[in-house]
Structures are given as C-alpha cells and as structure tokens.
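In what follows, a single structure is set out as structure tokens and then discussed.
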Amino acid sequence: MPNISAIYKRLQFNLIQTYLSQRYLNITDYLGEQKLIPGYITINCNITKNFILRRFNTQLSLILNNITNTRFQSVYGYPEPGRTIEIQLTIRK
C-alpha cells in the first residue's frame, strides 16, 4: 500500500505504511539455529490543521502510530510499543 495524502476542508490527512521483512541475526540459539526477527507492517495516520493564532502560524496535529496494534521488534529483545496517540502543537512566528 503506498502512502496516501489528502486535503479535505483545510484538514490534511496522511496514511503511511511501513514494511520491514524478516532479518537474520548474527546469533544462534541453544540448538545452533540462527535467530531471526520476523517481518512486520505498521500503518500510521496523521491529521493536521494549519491556522493563524494571534499572528502566529500554528499547526495542530493528531498522530496515530501503529493503528493495527502490531507487535514487533526493531531490535532483538526490545519490543516496540503498540498503538500510540500523540497530539502535537507547533507555533511559529
């Protein structure tokens, strides 16, 4: 699935898919078999609104990471968090 962007009624929507295939590690288990980290797909979404607030350029974003709550590891032995939600406010002169 490619990344998708759209603008509707001054709101910007972005849908981002990330795919990482399985990776073999330079580690073996107690049976001598090489360890691997399974591949995974994550889908992230953000919705952004730009506006002027008292002469300042302002951006308000809602960011949803790992919408499907996929369990995965980027680094062996360190699981990544599941679904996360962020609210971001940026104010510029």
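For this structure, a couple of remarks:
- Among the protein heavy atoms of the chain, carbon and sulfur supply 56% of the accessible surface, probe 1.4 Å, non-protein parts ignored.
- Relative frequency of Cα-Cα separations exceeding 15 Å in the chain, percent: 70
- Per-residue Karplus couplings for segment 83-88, computed as 6.51 cos²θ - 1.76 cosθ + 1.60 with θ equal to phi - 60°, are listed in order as 5, 10, 10, 10, 10, 10 Hz, Gly and Pro entered as x.
- Candidates Leu31, Ala6, Gln73 compared by Cα position along the dipole of segment 1-89: farthest toward the positive end lies Ala6, with charges placed on Cβ.
- In order along segment 23-37, phi translates into HN-Hα couplings of 10, 8, 9, 8, 9, 10, 8, 5, 9, x, 8, 5, 7, 9, 9 Hz, rounded to whole numbers, per the Karplus curve 6.51 cos²θ - 1.76 cosθ + 1.60 with θ = phi - 60° and x for Gly and Pro.
- Using C-alpha pairs below 8 Å separated by at least 6 residues, the relative contact order for the chain is 22 percent.
- The residues of segment 1-61 present an accessible area of 79 Å² per residue when probed at 1.4 Å with all protein chains retained.
- Counting only Cβ charges, +1 for Lys and Arg and -1 for Asp and Glu, the dipole size of the chain around its Cα centre is about 860 debye.
- For the pair segment 54-93 and segment 1-21, the centres of their Cα atoms are 14 angstrom apart.
The values are calculated or read from the model by the stated rules, or taken from the named source; none is laboratory data. Since we're looking at a predicted model, the values are computed, not measured. Cβ: placed from backbone, ideal geometry, glycine included. Neighbour counts: every protein chain shown. The area values use the complete protein model at the heavy-atom level, side chains included, leaving out ligands, DNA and RNA. Shrake-Rupley method; radii C 1.70, N 1.55, O 1.52, S 1.80 Å.
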